[in-house]
Amino acid sequence: QVQLVESGGGLVQPGGSLRLSCAASGFTLSRSAMSWHRQGPGKEREMVVGIATFGGTLRYADSVKGRFTISRHDPKNTMYLQMNSLKAEDTAVYYCKSDSYDTWGQGTQVTVSS
């Protein structure tokens, strides 16, 4: 069974950092196109960053370029989203997705507030 579980969300002050994790099971993450998405309050879900299979082409949303970094730890079959210099507008529920299997995680809440 293909499954994704996010963790690492929370409350952080503006300018702070968080690292989100996405643990995959039922498939090999490195062989799947993956992406992070977010949905802020009253907003549509948007893609934050996508990565092709075997760490190929990266695509970052303009709003997070230079602040967010996607990475992967193959032995743990886990993907990460390092978020730095967080802003209030980054407040959202963050989801990871396997684009190859069209499977979403349950989401993790990130709140940026003083």
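The values are calculated or read from the model by the stated rules, or taken from the named source; none is laboratory data. The structure displayed is predicted, hence computed values, not measured ones. Because the Cβ atoms are built from the backbone with ideal geometry, glycine has one as well, and the counts that use them run over all protein chains shown. These area figures cover heavy atoms from the full protein model, side chains too; ligands, DNA and RNA do not enter into them. Shrake-Rupley method; radii C 1.70, N 1.55, O 1.52, S 1.80 Å.
The table below lists the values:
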| quantity | calculated |
| --- | --- |
| Residue match in segment 86-93 (condition: closer than 14 Å to THR108 by Cβ, part of a strand (DSSP E or B), in contact with a strand residue (DSSP E or B) (Cβ under 9 Å, 6 or more places away or on another chain) and not acidic (Asp, Glu)) | yes |
| Members of segment 43-55 found to be assigned to a strand (DSSP E or B) and small (Gly, Ala, Ser), listed by number | GLY50 |
| Count of segment 56-68 residues which are open to solvent by 30 Å² or more (accessible area, probe 1.4 Å) and either among the hydrophobic types (A, V, I, L, M, F, W, C) or not in a loop (DSSP other than H, G, I, E, B) (or both) | 3 |
| Residues of segment 62-72 that turn out to be closer than 17 Å to CYS22 by Cβ and not hydroxyl-bearing (Ser, Thr, Tyr), as a count | 4 |
| Residue in segment 71-82 that is surrounded by 21 or more Cβ atoms within 10 Å (Cβ to Cβ) and under 13 Å from the mean Cα position of the chain (by Cα) present | yes |
| Residue that is touching a residue at least 24 places away in the same chain (Cβ under 8 Å) and more than 18 Å from ASN84 (Cβ to Cβ), where the choices are LEU18, LEU4 | LEU4 |
| Verdict on SER71 being among the hydroxyl-bearing types (Ser, Thr, Tyr), under 16 Å from LYS97 (Cα atoms) and part of a strand (DSSP E or B) | yes |
| Unmet requirement for GLN39, which otherwise passes all of (1) out of contact with any Asp or Glu (no Cβ under 8 Å at 6 or more places or on another chain); (2) open to solvent by 30 Å² or more (accessible area, probe 1.4 Å) | (1) |
